[in-house]
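Worksheet: the structure to be examined is printed underneath.
Just so it is clear, none of the values below were taken in a lab; they were calculated from the coordinates. All of these numbers come straight from a predicted model, not from anything done at the bench. All Cβ positions, even for glycine, are placed from backbone atoms using ideal geometry, and neighbour counts span all protein chains on display.
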Amino acid sequence: MSGSDGPATPRVVVGVSGSLGSLTALSRAADEARRRGAELWPVLAWQPPGGDLAARRGPASSLLTDEWQRLARERLVGVLKDVFGEAGPGVWMYALVAQGSPGPALVEVADREDDVLVVGAGRRSHLHRACHRSVSRYCLAHAACPVLAVPPSPLESELAAVHRRNAWRLRLHTGHLAEETVPQEGA
């Protein structure tokens, strides 16, 4: 926080991981920041493989931590370029890389009442919920500001269906493609 007497600029903080859900959330957060006249704060939270304790045990832990930090920064920059291109999001943006669990890291950054925290709602399958902690649920329960949980893109479920079809080596049904016609030029 700054020590100035003026009002703080509103912020839209968004969790970014590179997943399709986080890309959808990032795009929605940029729209929300433009609508509110706010700054966009994309945050990529990362943890060392095996957790913090495992990372501290090695003799070269500081070198590894620096490398993991660099890789996280590269990943965030790559995601921002993929979503916004060279033009950028159209608002002031402050990208952050935070070491720690995504939920607590996002809640710590979005610590003002006038912030808006945007997270991807994630997958909705029972198996995924049982195996993975939900960042969006953590943020909804602990954030001091409003939280916008963005549902997955409909394209994500279609992509998952294609992936399952390929994994099981099932044939692709193209009957519906023949029914759709593409207008020809000059016709």
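Couple of notes before you dig in:
- Cβ-Cβ distance of Q47 and H142, R₀ of 22 Å, FRET efficiency by 1/(1 + (r/R0)^6): the value works out to about 0.75.
- When you count the other C-beta atoms within 10 angstrom of each residue and take the mean per peptide, 161-168, 97-104 line up highest first as 97-104, 161-168.
- Length added when fully stretched, K81-R112, from 0.36 nm per residue minus Cα-Cα: 8.4 nm
- V162-M93 pseudo-label distance in nm [points 7 Å out on the Cα-to-Cβ vector]: 2.5
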